[in-house]
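Asks: What follows is a structure written as structure tokens; I'll ask about it next.
Read-outs throughout are calculated quantities, based only on the coordinates presented, and are distinct from any laboratory measurement. Predicted model only: the values in this text are computed from it and were never measured.
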Amino acid sequence: MNTNQDSGVWTRDRLVRGVILLFWTCFWSFNVVDKAIGGSTFLWVGRDRFAQFQKYFASAGLESPWIADLALYVAAALEVFALVFFAGALWNFTCKRAHQARSWCFIGIIITLVTFTFFSIGDHLFGDRFELLEHTLFWFITLASWGVYVRLESQGNLSSDEQPKRPGRYGGSRSVAILAIGLVTFTTGSIFKYNNDFFYRRTSALDAEPVGEDLFKVAFPFLGGSQVFEETLAKFQREYPNKSIDHIYTAPNPLRLKKADALIFYIATKDRMVVNAQNSSTHE
């Protein structure tokens, strides 16, 4: 390969590595800003994360606001640390300090993996399937980013200024592999434990919450299916023998999306005495 070709490869590889660092720096910057603003404002359409976390924990029976706020503080702290290390990696990269940039990027990758693992466990616990899909995808994108970054940082594609000053440049790859295996094992264990502890929600009947006169609300869990629906109606009829089910309807999509379990239905009833009287008058 001639000098021009070597220079072209070095330029392309360096550009891709720089884009990877820039992407994660911007990604965590926007996440931190979203936590700091905490909602919608001028030129920023965000989400009230405090309210979101409180709804999540309330759906699990933990209605104390400080529990949700503490979880949000931990999540925000992880995001801030990830931002700091990726920004530091980008700064060292622009200054052509490849070894320092790689070290900062490695720590940023570790924090990012821990953060998305933390989020994924929460998604399982609170039954948010859409957030779980998003965080799982970003978890694998994080691994792919590190793999591409290390692959492109080959010895022949670094300038003399960027060459590491000590051996063992790829020692971090082994650490990332061990960390990834550990996180996968931990996450898998939490999933199996969750299934073992809460899989009964797939078949158990739910409680109907009175929300008005002759109106009851039922919120489905993540694993709820048709059997839960049938068992819930049977339980409702046993608990309210004087009520007759008039009709059942679900909440509109915008309202359902605000709930962690994403499915709510309402049972509208009438008193059996009134129904019997109406039937008698009809027959007459």
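Asks: Please state the shape class of the stretch 76-126: rounded when a/c is under 1.5, otherwise prolate if a/b exceeds b/c and oblate if not, all from the C-alpha gyration tensor.
Replies: Verdict is prolate for the stretch 76-126.
Asks: Structure shown: which of LYS35/LYS96; LYS55/LYS217; LYS235/LYS270 lie over 24 Å apart, alpha-carbon to alpha-carbon?
Replies: Pairs exceeding 24 Å: LYS35/LYS96.
Asks: A further question follows. Would you grab the residues whose amide H sits under 5 Å from the one on TYR240? Only those 5+ places off in sequence or on another chain, please, with H modelled 1.01 Å from N.
Replies: Result for TYR240 returns nothing.
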